[in-house]
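Notes follow the structure.
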Amino acid sequence: MPSAENQRPLSIQNINETDISGDVHFREQSRADRPRVYLAGDLVFRPDAEMIFADLKRLCAEAGLEGVAPLDGQMDLAGLAPGYETTLAIISADRDLMDGCDAGLFCLDPFRRAADMDPGTAVEIGYMMAQGKPLCGYTADGRFYPEKVRDYWRKAWGSELRPRTETGGSGGLEDTDGIIVHSEGMLQNGMTEGFIRLSGGNVGVGTTLQEAALPAIRVLADRLLQAA
C-alpha cells in the first residue's frame, strides 16, 4: 500500500530536479532509444489538441522520453467519414499505440463539465495497468473528487449532497438519487487514480496542463531511464 507521502499529488512545488538521482531526465539519447510514453486524455477532443500534444512531446523529449499522442496513430484515418467502422478503427489504432509504448501519462481533468474524467481514458488506464507498465497522471483541477461531485450537482441540478443514511464502504455523502459520493482523498474516481498509484505512479497538479504534466513526466523518466 502506498505511504502517505507517496499519495500526495505531485506539483512543481513538491518535486524538483534534486529529487531525481543522476540527472537521468536530461540524458542525451537518440530518438530511437527513448522510452515511449502514451499521452492519454480527453485532449484529443479539444480544439487546441495539436498544440497541447506538441507541448507534452517537448516536455517528454527534454526528459529523455518520446511522447506518443493518439493522433499519431490516426494519420490514415483522417479522411474517413464519422461512423461505427471509423470509431472501431480509431480504437484499434489507439490500442496498437498503447501496446507499443513503455508507459502511460493520463490527463485526469473532468470531462464535459462533469466531475468524472473522460471514460475512454479511464479504460486506457486499466488496459495499460494490466500490461504492468508504469503509469502517471496529471490534472489542472486540484479539487478532490467529492468536491467536484458537489460542484457538479450544484451547477447542473441545483441540488446539494447530503449525509449518507447507511454506514460502511467509501463515502460519507450521497447525492439526491441516493448514490454514494466516494473516493475521498483522491482527485478522481478511486479506480482510475488508484490504478495509477498501484502502478507506482503519482498525479501531478498545476494551474496549466503543461505545469501539471511536468513532475509526472519526470517521475516516469526516473523509472524508465533508470531501468534502461
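Readers should treat all values here as calculations from the given coordinates under stated rules, not as data from a laboratory. All of these numbers come straight from a predicted model, not from anything done at the bench. Using ideal geometry, Cβ is built from the backbone for each residue, glycine included, and neighbour counts are taken over all protein chains shown.
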Neighbour-count order for M117, M51, M191, M98, fewest beta carbons within 10 angstrom listed first:
M51, M191, M98, M117
Counting DSSP beta bridges with both ends in the chain, the antiparallel % (nearest 5)
25 percent
Counting helices only, and only those DSSP H runs with n ≥ 4, report the 222 nm mean residue ellipticity of the chain as the sum of -39,500 (n - 2.57) divided by its residues, in deg cm²/dmol to the nearest 500.
-11500 deg cm²/dmol
Dividing the mean separation of Cα pairs under 8 Å (6+ apart) by the residue count of the range 145-184 yields a relative contact order in percent of 37 percent
Sort L77, L108 by Cβ crowding within 10 Å, fewest neighbours at the top.
L77, L108
Between the range 186-228 and the range 49-73, how many Å separate their Cα centres?
15 Å
Compute the acute angle (0 to 90°) between the alpha-carbon long axis of helix 119-130 and the principal axis of greatest extent of the alpha-carbon atoms of the chain; round to the nearest 10°.
60 degrees
With a cut-off of 8 Å between alpha carbons and a minimum separation of six or more residues, what is the relative contact order of the chain in percent?
26 percent
Env charge @ A212, Cβ radius under 11 Å, K,R +1 / D,E -1, value -3
In the set [x] 18.5; [y] 22.0; [z] 17.7, which value of Kirkwood radius over Cα pairs in Å was calculated from the structure you see?
[x]
Shape of the range 145-184, Cα gyration tensor, a/c cut at 1.5:
oblate
